[in-house]
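Read-outs throughout are calculated quantities, based only on the coordinates presented, and are distinct from any laboratory measurement. Everything numeric in this text was worked out from a predicted model, so none of it was measured. For neighbour counting, all protein chains shown are included, and Cβ atoms are generated from backbone atoms with ideal geometry for every residue, glycine included.
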Amino acid sequence: MRLGLALVLAVGLAQTALAYDGATHATTTDAAAHEAGPTLPFPVEITPRFALIDQTGSAVTEADFAGRPMVIYFGYANCPGICPVALAHIAEALDILGPDGAGIAPILITVDPARDTPAAMAEALAKYHPRLIGLTGSEAALAEARAVFQVETSQVAETPEGGAIFAHGSFIYLFGGDGAIKSLLPPNLPPERLAELMRKYL
């Protein structure tokens, strides 16, 4: 029952999301996600800031990506819902961009540090794309990062094996090389559209 509830929540996140591009937004569903575009004013002010550990065990901050566009997603490697969709779409978008997108930093910030150790993230993310960067850290450091990105998360269920299942903010954040937020996108945005938006800020 608890697992079913988590899957319902995850599907709900996939089916209904806000898409922000520049200073505008649109409400989208699975059927219309590729049409995400400007409608109403939606000012979003987020300056990326974090001090975490990547999947190689190295300490990293936003300064390590200075001058590079960043695609940032909050999720976790064992997510049974929307995370695999978002990560697969980001990976495919990178492939679509090819060498043109080599400067983009695609980042997953975990909401499950207990299981998402650097080694676990390295193994999980390599299955999606060799360039994906996984960030973890202490509960305090991750809480600070979530606050900056206005992400909420909570444990909503457990798997039959006793693993935690989380509800969490699921937007894809796109930052330009100038560090300014450019787009706030739904996780089910088709890879072609995601690549198109990423290309605008190379």
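D by Stokes-Einstein for the stretch 71-158, Kirkwood Rh over Cα pairs, 4 °C, 1.567 mPa s: 96 µm²/s. The HN-Hα couplings worked out from phi for the stretch 138-153 by the Karplus form 6.51 cos²θ - 1.76 cosθ + 1.60 (θ = phi - 60°) are 6, 4, 5, 5, 5, 4, 5, 5, 4, 5, 4, 8, 6, 9, 10, 8 Hz, whole numbers, x standing for Gly and Pro. For the stretch 54-202, taking Cα atoms only, Rg and Dmax work out to 14.5, 45 Å respectively.
Put in line by how crowded their Cβ is, counting other Cβ atoms within 10 Å and starting with the fewest, GLU45, GLU123 read GLU45, GLU123. Semi-axes of the equivalent ellipsoid of the stretch 55-115 are 21, 18, 8 Å, computed as sqrt(5λ) over the eigenvalues of the C-alpha gyration tensor in descending order. Phi angles of the stretch 175-180 translate, via the Karplus equation with coefficients 6.51, -1.76, 1.60 and θ = phi - 60°, into HN-Hα couplings of 10, x, x, 7, x, 8 Hz per residue; Gly and Pro are given as x. For the Cα trace of the stretch 153-202, dividing Rg by the Kirkwood Rh returns an Rg/Rh value of 1.18. Each of ALA141, ALA157, ILE104 was scored by the projection of its Cα onto the charge dipole of the stretch 35-194, and the greatest displacement toward the positive side belongs to ILE104; charges sit on the C-beta of Lys, Arg, Asp and Glu.
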